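Peer 1: Structure below; questions to follow.
The values are calculated or read from the model by the stated rules, or taken from the named source; none is laboratory data. Since the model is a prediction, treat every value here as computed from it, not as a measurement. Backbone-built Cβ (ideal geometry, glycine too); neighbour counts: all protein chains shown.
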Amino acid sequence: MFEEHGEVRDIFLNKTKWFGFVLFKTHEQAEKALRSLNGTEKHGRRLNVRYATQQKPDQGGAQGGPAGQQQQPQQGPYGQGGPGQGMPPPPTQPIKRSGARCRLFVGNLGTNMTEEEFRRMFGAFGELVEVFLHAQKGFGFVKFDQRHHAEAAKAALDNTPHEGRYLQVRFATQGSSLKVKNLSPYVSNELLEDAFSIFGEIDRAVVIVDDRGRSVGEGIVEFARKTSAMAALKKATQGCLLLTASPRPVLVEPLDLRDEEDGFPEKNVNKNNPQFLKERELGPRFAEPGTFEYEFSSRWKKLLELEKQKREFLERELEDERRKLEEEMEYYRYEHETRLLREQLRIMEEQSKMFLHEREMRLAEQKRREEIRRQEELVLRQHEEDILGFPRREQAQQPAASMAQMAPQQHDPMAAAAAQTKAAAAAIEGATFVSTYDSGARMSRFDQQQAPQPHYGLPDDSRRAVGDDYADRDPKRRRY
């Protein structure tokens, strides 16, 4: 399983406790195995692959026991008693890649240098990603896959003789690195990388901190390609890039990596310049008081002190301006939020008024419909009264009056019959009918003739049976 990723020198396996150690020939092979196998499943279990570390003597037991117990010898290729005893442990963390520190500039090359020879010279220190050679001008560039390979090549080949010349090997400055300023104290490495990853692949993104581990407000972003860095620089310069909720934009500018490890050795000084001999006539010393050197040295010190004071004064002014700007920013943010709240309240009031108006309109419509219904009922009632010839209220009162008249005559059957006949005659006498015989004219049949006298004898059927002439004189009555 592990041999697929490189040459395995030693293996230790503890089957009872489900762990083991693997020793590769190189760190690159171990890193490749870690990236490929960590988190994968094998025989139904998820593998947890990480770099092995030696346990300190003041910690707990080798298998996770509490501190204070007797220290057990570590079982593994790098501990006591293991098959890899005496071997140096691998690094505790994966080696970080840094594109800006993996590229070397090689100068003072011979004109007869070939690309194959140039590649073979630096390929002995690690895998090469890029190789560029300009033999006619005597320089070239090489880029390694990892930073420590470039550092090893620089340390081994810098200032070494080759074809009668001394090679000059330096870390190359390139336009793929950017410096980011005006960072918030709450911007981390991960947030910085996430913000600039939209422009292209990033080799490294780090926030610079002081000796206490606090952010100094600056960071470095190293892209894998120069085009990505140029795109990020152009976009951040033309626009305002914000990393947090604060409206403080970050400032992005190109970063020129400086070689601070070797500095400026004596061999790099241009000794052919006439100014070199003039400057090196006298060595290090303290100026004697009252001399020409002392007088002008004092003036230079005063000028430098004045420059320092002005810089401090300018820094204080800038700090005051920053504080004022932050206060104004907070004030205008409050005003902006207040305006938004007022606008929301205004919209809510308008909606409330609109709902109230709609409710009033619905109530008015209901009242109008109710009034129309009442008018229609009144017209229908009036029409009925016009057809019947008397108000319906009187019609409702007549039966009650008839009952009141019949009440005292209930003991006499003849009187009751006479009362009923009289009430019917009175009702018929006041009625108005519309007949086809009089061409729709409203008239009473009984207004043109004398109403017959009520008969208190036999019923109508009996009278018709005996040939009562009253019914014969009025044929219309028989119809109705």
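Peer 1: Taking the condition at pLDDT below 85 and over 16 Å from Ser176 (Cβ atoms), does Pro289 pass?
Peer 2: no
Peer 1: Hey, any hits in the stretch 186-207 for a residue that's touching a Phe, Trp or Tyr at 6+ places or on another chain (Cβ under 7 Å), modelled with pLDDT of 85 or more and part of a strand (DSSP E or B)?
Peer 2: Yes: one or more hits.
Peer 1: If you take the residues in the stretch 204-227 that are free of Cβ contacts under 8 Å to residues at least 24 places away in the same chain and not charged (D, E, K, R), which one is surrounded by the most Cβ atoms within 10 Å (Cβ to Cβ)?
Peer 2: Filtering first and then ranking leaves Ala205.
Peer 1: If you go through the stretch 1-47 one residue at a time, how many are touching a helix residue (DSSP H, G or I) at 6+ places or on another chain (Cβ under 9 Å) and among the polar types (S, T, N, Q)?
Peer 2: 2
Peer 1: Take Leu183 and decide whether it is in the same structural domain as Lys234 (by TED's automatic domain parsing), touching a strand residue (DSSP E or B) at 6+ places or on another chain (Cβ under 9 Å) and not in a helix (DSSP H, G or I).
Peer 2: yes
Peer 1: Applying the selection to the stretch 316-368, what residues are of a type in the set (Asp, Glu) and either in the same structural domain as Arg248 (by TED's automatic domain parsing) or under 29 Å from the mean Cα position of the chain (by Cα) (or both)?
Peer 2: Glu326, Glu327, Glu328, Glu330, Glu335, Glu337, Glu343
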